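Here's the structure we're looking at; comments come further down.
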């Protein structure tokens, strides 16, 4: 199945996202070498010296063909958009990337439209940004159920183990550390970036931790890229 990077009206919370209802959210991501522009009521990207942010989905071929029609892509020179395969990154260290991900690139003259400097259309419109969060702490899982999330998926982080770490004399935290051939079981919560920020209020440990991106797997070995906290 192909993968699609979406940065505008196909993102969660926008009106074209309905075309991705059968698709699997892999994770938030970014692509380099593009500049985002604000058109009349939607964004477009062209190749340039910038970074654009969005979401990656695993998508059925039939759904991709439908979106081709929506985006005005027929594989011809005068199409509204071209569809190209690019590399996307899931973390700022570029440890996790994916090649051959499709994206729609504006194929017309851009004219007088202004640049969206952030490269993030959701941020530009003050909308919430979708993300995955991998939770391995049983106590935090219960608290997470009180927050806003879209889906819960059982998953594992490979080559990690759980540790109890004494941070101060009166504070012991659950964290994970690298260990070959060990697995940590937890849950992926498809949620929002602002919810991740709220977690710090629920868990004193997280104010001491750093946020990282983990590559995790569901029971069918599907890959997800998820935020998590680690000491």
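If you count the DSSP beta bridges with both ends in the chain, what percent of them are antiparallel, to the nearest 5?
95
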Take peptides 22-28, 172-178 and line them up by average Cβ neighbours within 10 Å, highest first, as a rough protection proxy. 22-28, 172-178
Per the helix-only calculation at 222 nm, which mean residue ellipticity applies to the chain, given -39500 (n - 2.57) for every DSSP H run of n ≥ 4 and division by its residues, nearest 500 deg cm²/dmol? -3500 deg cm²/dmol
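Using Cβ contacts closer than 10 Å as the measure, can you line up 102, 124 from fewest to most?
On the way: 102 20, 124 14.
Sorted ascending by nearby Cβ count, the order is 124, 102.
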Residue-span extension gain [residue 39 to residue 15] - 0.36 nm each, minus C-alpha spacing: 7.0 nm
Measure nothing fancy, just the Cα-based angle from helix 61-70's long axis to the longest principal axis of the chain, in degrees from 0 to 90, nearest 10. 50
Between 32, 69, 84, where does the largest GNM mean-square fluctuation fall for the chain, given springs only between Cα atoms within less than 10 Å? 69
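Per the Kirkwood definition applied to all pairs of different Cα atoms, how many angstroms is the hydrodynamic radius of region 22-131?
Numbers: mean 1/r = 0.0677 Å⁻¹.
One over the average 1/r among Cα pairs gives 14.8 Å for region 22-131.
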How big, on average over all directions, is the shadow cast by the Cα convex hull of the chain, in nm²? 13.6
To the nearest Å, what is the center-to-center distance of region 1-74 and region 139-207, using C-alpha atoms only? 29
Relative contact order of the chain, pairs being alpha-carbon contacts under 8 Å that are 6 or more residues apart, as %: 18
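Can you tell me the relative contact order of region 3-124? Whole percent, Cα pairs under 8 Å, sequence separation 6 or more.
Working: 247 pairs, mean separation 37.1, N = 122.
With pairs under 8 Å counted, the relative contact order is 30 percent.
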Tilt of helix 193-202 relative to the longest C-alpha principal axis of the chain, in degrees (0 to 90, nearest 10)? 10
Could you tell me which of rounded, prolate or oblate describes region 130-230, using a ≥ b ≥ c as the square roots of the eigenvalues of the alpha-carbon gyration tensor, with rounded for a/c under 1.5 and, failing that, prolate when a/b is larger than b/c and oblate otherwise? oblate
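Here, each number is a calculation from the coordinates, and none is a lab measurement. Remember, it's a predicted structure, so these values are computed and weren't measured experimentally. Reconstructed Cβ throughout: ideal geometry from the backbone, glycine too, with neighbour counts over all protein chains shown.
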